[in-house]
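Nothing in this text is a laboratory measurement; each read-out follows from the coordinates by a stated rule. Nothing here was measured: the structure is a model prediction, and the numbers come from that model. Because the Cβ atoms are built from the backbone with ideal geometry, glycine has one as well, and the counts that use them run over all protein chains shown.
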Amino acid sequence: MNIEKTSSKLFVDVKQMISNARRKVAVTANSELILLYWKVGNRVRKDVLNNSRAEYGKQIVKKLSNKLTIEYGRGWSENQLRHCIRSAETFQKEQILYAVRRELSWTHIRSLMYIDDILKRQFYMEMCIIERWDTRLLNNRIDSMLFERTAISKKPKKLIKKELDKLQKDNELPDDLIFRNPYLLDFLGLKNIYSEKDLENSILVEMQQFITELGSDFAFLARQKRITIDNIDYHIDLLFYHRTLQCLVVIELKLGKFKPEHKGQIELYLRWLNKYEKRKNEKAPIGLILCSEGNSEHIELLMLEDSNIKLAQYLTELPDKKILEKQLTKTIKKAKKMKNKNTNNKL
């Protein structure tokens with residue numbers, strides 16, 4: 001028997017055993033830590049809430065922090081105790097247990113618990129779990145206002161809650177959470193004057209970041225994919241596959257505003273792909289038209305919301321966060337007003 005071969009195989013097996021054990025220990029430790037922090041926060045919160053004086057609460061937290069630091073060393077600062085209290089104020093016990101089961105870390109919890117809106121917080125928690133965001137990406141998503149950029153934010157609160165509960169149960173992303181508007185492409189480094197080719201080239205150079213902005217389930221397939229119809233060649237800008245939706249996704253890049261002819265162009269591409277490229281287990285292809293300027297009335301009149309064509313704006317330069325927030329808030333209000341109007345008309 002070859003000793004070197006046997007020892008190498010043994011090393012690989014034992015290494016795997018050690019790695020698995022370490023991972024289980026880390027998961028268990030993380031779970032216990034989150035539960036401990038929540039229980040500590042809940043206990044302190046009860047004492048503080050039993051007295052209406054704010055100064056009393058501050059003194060309680062300060063004295064407790066000093067005693068815990070003497071007993072256990074660093075890690076129990078006043079700030080940390082306030083994080084613990086906040087976790088107990090924000091999450092019910094079953095919500096914390098759910099987060100623990102889904103292997104979120106304390107740093108995830110700490111970011112989530114400072115989101116005041118309950119539905120928005122639930123959105124980020126579920127997306128974080130499904131797409132396996134680390135805390136850095138979670139904070140980036142929160143800062144870039146991902147919730148406000150998805151279609152779900154433009155729905156009535158009851159419907160948002162229903163869809164998020166379904167997401168938690170089924171663990172599958174619907175279209176409303178996959179596609180967003182606008183897309184933030186500031187990482188491309190494009191400013192002032194650029195062409196569609198410049199935009200496409202920059203995306204290819206920064207493909208990893210582009211996919212991060214699109215969403216983790218997008219897989220890049222081709223650039224300028226040639227298709228031939230009646231001996232005429234056409235070229236699809238970018239072709240992706242989405243693992244959750246199980247379908248091809250065509251992305252067409254446009255400068256300026258959306259035009260009606262863009263719809264006809266992408267419909268042609270989608271029908272060709274549906275006929276010649278779609279596999280038996282796949283769903284019908286989806287088209288995403290990215291324009292540098294919005295054109296909301298065209299979406300309504302061309303009934304794009306009821307089709308497999310998505311239209312979104314992209315930003316190559318980020319405005320001030322307050323300006324972006326104001327724009328998105330205005331868009332959400334307008335969309336909700338339109339949905340209510342359509343609902344009343346149907347009634």
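Here are some notes:
- Taking 0.36 nm per residue of separation and subtracting the current Cα-Cα distance, fully stretching the chain between GLU94 and TYR241 would add 49.3 nm.
- LYS259 versus LYS9: modelled label distance in nm, points set 7 Å from Cα along the beta carbon direction: 6.6
- Cβ crowding within 10 Å averaged over residues, with 181-194, 322-335 ranked highest first: 181-194, 322-335
- Assigned charges on the beta-carbon of Lys, Arg, Asp, Glu; the stretch 179-316 dipole about Cα centre (debye): 460
- Antiparallel DSSP beta bridges within the stretch 179-316, as percent of all bridges there, nearest 5: 55
- In loop segments of the stretch 206-260 as defined by DSSP, the trypsin sites (Lys or Arg not before Pro) with at most 13 further C-beta atoms inside 10 Å of their C-beta are ARG243, LYS257.
- Inter-label distance, nm, simple model (7 Å from Cα along the C-beta direction), ASP170/LYS58: 5.0
- Think of the chain as having a plus end and a minus end, set by charges on the Cβ of Lys, Arg, Asp and Glu; of ASN171, LEU68, ILE152, LEU68 sits farthest toward the positive end of this dipole.
- Adding -39500 (n - 2.57) for every DSSP H run of four residues or longer, then dividing by how many residues the chain holds, sets the calculated 222 nm ellipticity at -19000 deg cm²/dmol.
- Shape of the stretch 22-98, Cα gyration tensor, a/c cut at 1.5: oblate
- Förster-model FRET efficiency, 56 Å R0, VAL25 and GLU282, C-beta, rounded to 0.05: 0.85
- Charged-residue dipole, Cβ positions (Lys, Arg, Asp, Glu), the chain about Cα centre, Debye nearest 20: 1560
- Charge dipole (the chain, unit charges on Cβ, about Cα centre) - positive-most of ASN140, ALA21, LEU188: ALA21
- Estimated distance in nm for a label pair at GLU317 and THR212, the labels positioned 7 Å out from Cα along Cα-to-Cβ: 2.3
- Put a plus charge on the Cβ of each Lys and Arg, a minus charge on the Cβ of each Asp and Glu, and nothing anywhere else: the dipole of the stretch 1-141 about its Cα centre is then about 240 debye.
- Computed from the Cβ-Cβ distance with R0 of 22 Å, the FRET efficiency linking LYS275 to GLU200 stands at 0.30.
- Once you divide the Cα radius of gyration of the stretch 77-126 by 2.2 N^0.38 Å, the number left is 1.07.
- Counted charge near CYS128, where neighbours are those whose Cβ lies closer than 10 Å (Asp, Glu -1; Lys, Arg +1): 0
- Note on the chain: along the principal axes its Cα atoms extend 80, 76, 44 Å, ordered by decreasing extent.
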